[in-house]
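Reviewing the structure listed below.
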Amino acid sequence: MVENELCTIEKFNNADFITVKACDLTYTFCSCGASLYSLYDGDNPLNLVLEDKDLFLKSTQYFGKTLGLVAGRLKTNFKIGDKEFKLKDSGENICLHGGDIKSLSFKNWKYEVKDRKNKIDLKFTISPRKGDEGFDGKVRINVIYSLSKKKNSFKIIFKVNVIEDSLINLSNHIYWNLSKDLTIDDYKLKFDAPKIGELDDRLLIVGTIKTPDYLRFKKKSMLKSHLDAADKTSVGTIDNTFLFNKDEGKKHTVTLENKNYKLTLKTDYPAFNIYADSSLSNVKFLNNKNLKARRGIALEPQLYDFDLDSIYFKKGEKYRHYIEYKIVRM
């Protein structure tokens, strides 16, 4: 264990777990996947925290991991203009989250912790090897977690130096469970997204359609009825990409709350994926030993993968996006 005035570092299986306190919150990050392992308010976990750290490092459920080079699902073979792409197959001719177990979510990132006047910044950096998982562009990626000292809030900033033309679409896969709840059925969700990606049987986006009623959350709504309706679809849960209302400009808001906390997410990304975990995978959490179906929800702001041009960046183009989270006790 390594300690200094800013953080505590625990080394585990070639990865570093970095614990930082800011305002009332205690964060533990991990160098593997530039990820958030746990987030606590006192002794209460706000996200799903795996009991087994080794499983956290390896799990393809992407708990708290940075997703990249491209979040979501892409065909393994496609063209943009005259350029052909052949990406790693994660199954059914789909490349998931940048290459599944060999993606950036499972690589060790370099990092540094800096003390600022009103915040603490944890900056992760990686330069993926050209050609990894079929992504042949050259980039340098910074993921910065900026932790407020004055409020229970933090921001994730994604910055990419595009050295050669490259596909890029970064996000984060935190699973929220705000109060050791057995399920998220009673959570209330609100955001404005009039359109969603139309899915085929592989969950690949094949078009853009009007958001169906069971996936509408323009008014604050309890999750249970929406999840019950999603159970009856071919997806079997909510695992959909939503397009924010363009009339909002570039500042979009999502709120998630239970009886104890309200989480407000703000982002400049134009879209986001929701995944309600109904996998029933045999995973033990520190939150509650009896967690099963509907145990957490991932809110993943991102670019819209169906529009390939929007995720293909030319040499010298800027890639900078953010996700901001604010936690308020109810």
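Here are the numbers for this structure:
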| item | result |
| --- | --- |
| Members of the range 189-213 that are surrounded by 15 or more Cβ atoms within 10 Å (Cβ to Cβ) and not in a strand (DSSP E or B) | Phe191, Asp192, Ala193, Leu203, Leu204, Thr211 |
| Strands (runs of 3 or more DSSP E) contained entirely in the range 1-62, each with at least 1 residues that are more than 19 Å from Ile157 (Cα to Cα) and modelled with pLDDT under 95 | 7-12 |
| Residue tally, condition surrounded by 14 or more Cβ atoms within 10 Å (Cβ to Cβ) and free of Cβ contacts under 8 Å to residues at least 24 places away in the same chain, over the range 8-24 | 5 |
| Those residues of the range 225-244 which are among the hydroxyl-bearing types (Ser, Thr, Tyr), without any contact (Cβ under 8 Å) to a residue 12 or more places away in the chain and surrounded by fewer than 12 Cβ atoms within 10 Å (Cβ to Cβ), in sequence order | Ser225 |
| The lone exception for Phe158 - which of (1) under 29 Å from Arg295 (Cα atoms); (2) not in a strand (DSSP E or B); (3) not aliphatic (A, V, I, L, M) it fails | (2) |
| Residue in the range 175-185 that is in contact with a helix residue (DSSP H, G or I) (Cβ under 6 Å, 6 or more places away or on another chain), part of a loop (DSSP other than H, G, I, E, B) and either buried (at least 19 other Cβ atoms within 10 Å of the Cβ) or at pLDDT 95 or above (or both) present | yes |
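Residue-by-condition table, conditions (1) surrounded by fewer than 22 Cβ atoms within 10 Å (Cβ to Cβ); (2) of a type in the set (Gly, Ala, Ser); (3) more than 25 Å from Tyr27 (Cβ to Cβ):
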position	(1), (2), (3)
Lys246	yes, no, yes
Lys251	yes, no, no
Ser279	yes, yes, yes
Ala293	yes, yes, yes
Phe306	yes, no, yes
Glu317	yes, no, yes
Ile323	no, no, no
Val328	yes, no, no
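One line per residue, one yes/no per condition, for (1) touching a Pro at 6+ places or on another chain (Cβ under 8 Å); (2) part of a loop (DSSP other than H, G, I, E, B); (3) acidic (Asp, Glu); (4) more than 20 Å from Asp186 (Cβ to Cβ):
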position	(1), (2), (3), (4)
Asp247	no, no, yes, yes
Thr255	no, no, no, no
Lys262	no, no, no, no
Tyr269	yes, yes, no, yes
Phe272	yes, no, no, yes
Ser278	no, yes, no, no
Asn288	no, yes, no, no
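The values are calculated or read from the model by the stated rules, or taken from the named source; none is laboratory data. Bear in mind the structure is a predicted one, so any value in this text is a computation, not a measurement. No Cβ is skipped: glycine too gets one built from the backbone with ideal geometry, and neighbour counts run over all protein chains shown.
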